[in-house]
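Below: the structure, in structure tokens.
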Amino acid sequence: MTQSDTSGYQAGLSVAEVQNLAADQTITKLSSNENPFGPSPAAITAARDALEGANIYPERTDAALCQKLSEFHGQGMQPEQFFSANSGVEVLSLIEEALTEPGQRAIICPPCFGAYTGSLLKKGVVVDKVDLIGTGFDVHVDGILNAITPDTRLVYLCNPNNPTGTYFGADVLDAVLDGLPDHVTLIYDEVYFQFATEFDLPDALRHVRDGRNIVIVHSFSKAYGLAGMRVGYGIAPERIAAQIRKRKRSFHLNSMGMAAAIAALDDTAHLDRTVTNNTAERARLSEALNDMGFEVARSQANFVMFRCPEGKDAKTLTNELVTHGVMVRPAFDLPNHIRATVGLPDENTRLLNALKSLQDKANP
């Protein structure tokens, strides 16, 4: 267990920020896990309709969205168990504001989403690390439980995990929750859950209904293609959700974002198309990378992570790929690994061709 450094999370670059490196080439962006199909048509229509009333303040609360989310998830979930925020990152921030005080501690499990550390440190929370273990990046359950102190308030787990794409089952989630003392809450980051088509993720909603110390984090940015709308939400037992909801400001979501999110939940055709493409292309991309000699992590997300060739680091390879018109991203906490979004077939082929070209150049 070690305390984190003070390096902050840096968001992914935009196409405009790297265009000069790619000269006149069209850039294929596979660096931010965005939906290659864009938003659902239903969400676009709803947002446009809401825009006509943009001169009117939005609803003061997110009651309509929370009602819709409770109906969408079903299983006896109630609107009072949901809360929304201006992105999944703000969901995390609200949780931290509600459940921690400066000087208290939180546990993260690198390699993991880089925003965890920066958000916690801004609130004066001490960050302890319990690394994922082995080549499969498995959760070190005993390590987490042994790292808990009287000052620990939060434990973060991401499933499927960002940046590795790896995943765990109900046995791991149950073991962590069963071992947590009453003063610790588990932040269960599940923003990529729709893409886990080849593995049954834990039923985390069951733990919410049972009143366990857990907050589930979801987002409309990935599967629903609404990254630009900045809408995320959390799911927690009512007593925890009520604490978090107190930290929200009035009018925290704009009218267009709320309307788009509600409409997106009903557009099953768009979600099915997104997930179907991702499942097929993730397998094709992983197999092709393996055939090229790359070490690829087993992914159930909308991205794959692979190790750079011997003697090359992630930053160098990322820059080289940009010169071929392809944007990927160095993996959080892993200087020799690349995270690449699963795009449309031609986009993934372009990534593979660029990597092959670099290999040929290195091995003439």
Relative contact order of the range 46-88, defined on C-alpha pairs under 8 angstrom at six or more residues apart (%): 30
Let me cross-check Leu358: its accessible surface, 1.4 Å probe, with only protein heavy atoms counted, in Å² to the nearest 10? 20
Ignoring ligands and nucleic acids, Met256 exposes an accessible area, probe 1.4 Å, in Å² to the nearest 10, of 40
With the contact rule set at Cα under 8 Å and sequence spacing of 6 or more, what percent relative contact order holds for the chain? 25
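Give me Rg over Rh for the range 296-364, both radii from the alpha carbons and Rh done the Kirkwood way, two decimal places. Walk me through the intermediate numbers first.
Working: Rg = 11.5 Å, Rh = 12.3 Å.
That ratio equals 0.94.
Sorted by accessible area with a 1.4 angstrom probe, largest first, how do Glu320, Glu96, Glu310 fall? Walk me through the numbers on the way to the answer.
Numbers: Glu320 50, Glu96 0, Glu310 185 Å².
From most exposed to least exposed: Glu310, Glu320, Glu96.
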Determine the calculated [θ] at 222 nm for the chain from helices alone, applying -39500 (n - 2.57) to every DSSP H run no shorter than 4 residues and normalising by the residue count; nearest 500 deg cm²/dmol. -11500 deg cm²/dmol
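With a cut-off of at most 14 other beta carbons within 10 Å, and DSSP calling the residue loop, which GluC sites (Glu not before Pro) in the range 190-289 qualify? Please list them.
Details: sites: Glu190, Glu198, Glu238, Glu281, Glu287; in loops: Glu190, Glu198.
Here the sparse-neighbourhood loop sites are Glu198.
Scan the range 178-236 for chymotrypsin sites (Phe, Trp or Tyr not before Pro) in coil per DSSP, keeping those whose Cβ has at most 16 other Cβ atoms within 10 Å, and list them by number. If you can, show how the numbers build up before the last one.
Working: sites: Tyr188, Tyr192, Phe193, Phe195, Phe199, Phe220, Tyr224, Tyr233; in loops: Tyr192, Phe199, Phe220, Tyr224.
For chymotrypsin sites (Phe, Trp or Tyr not before Pro) across the range 178-236 that sit outside H, G, I, E and B with at most 16 neighbouring Cβ atoms in 10 Å, the list reads Phe199.
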Cα lying deepest toward the dipole's positive end in the chain, options Met305, Leu154, Phe83, charges on Cβ: Phe83
Keeping the other protein chains in place, figure out the carbon and sulfur percent of the accessible area of the chain, with a 1.4 Å probe. 49
How many times 2.2 N^0.38 Å is the alpha carbon radius of gyration of the range 224-295? 1.65
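Could you rank the peptides 339-347, 261-269, 97-105 by their average count of other C-beta atoms within 10 Å per residue, with the highest value first?
Top to bottom by mean Cβ count within 10 Å: 339-347, 261-269, 97-105.
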May I have the pair-distance distribution P(r) for the range 184-342, computed from all Cα-Cα distances with 5 Å bins from 0 and rounded to whole percent? 1, 8, 13, 16, 16, 15, 13, 9, 5, 2, 0
For the range 75-153 and the range 330-364, write down the distance between their C-alpha centroids in whole Å. 30
Where a label projected 7 Å from the Cα of Glu80 along Cα→Cβ would reach, residues of the range 220-254 with amide N under 19 Å: 234-248
State whether the range 197-256 is rounded, prolate or oblate according to the following rule on the C-alpha gyration tensor (a ≥ b ≥ c being the square roots of its eigenvalues): a/c under 1.5 gives rounded; otherwise a/b larger than b/c gives prolate, and the remaining case gives oblate. oblate
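If the only charges are +1 at each Lys and Arg Cβ and -1 at each Asp and Glu Cβ, what is the size of the charge dipole of the chain around the Cα centre, to the nearest 20 debye?
On the way: 32 positive and 44 negative charges, 158 e Å.
So the dipole magnitude of the chain works out to roughly 760 debye.
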Among beta bridges assigned by DSSP with both residues in the chain, the antiparallel ones amount in percent, to the nearest 5, to 50
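Taking Cα pairs under 8 Å and at least six residues apart, what relative contact order does the range 65-154 come out at, in percent?
Numbers: 107 pairs, mean separation 22.8, N = 90.
Rounded, it is 25 percent for the range 65-154.
The values are calculated or read from the model by the stated rules, or taken from the named source; none is laboratory data. Everything numeric in this text was worked out from a predicted model, so none of it was measured. Don't worry about glycine lacking a Cβ; one is built from the backbone with ideal geometry, like all the others, and counts go over all protein chains shown. Keep in mind that these areas ignore ligands, DNA and RNA; they rest on the heavy atoms of the full protein, side chains included. Shrake-Rupley method; radii C 1.70, N 1.55, O 1.52, S 1.80 Å.
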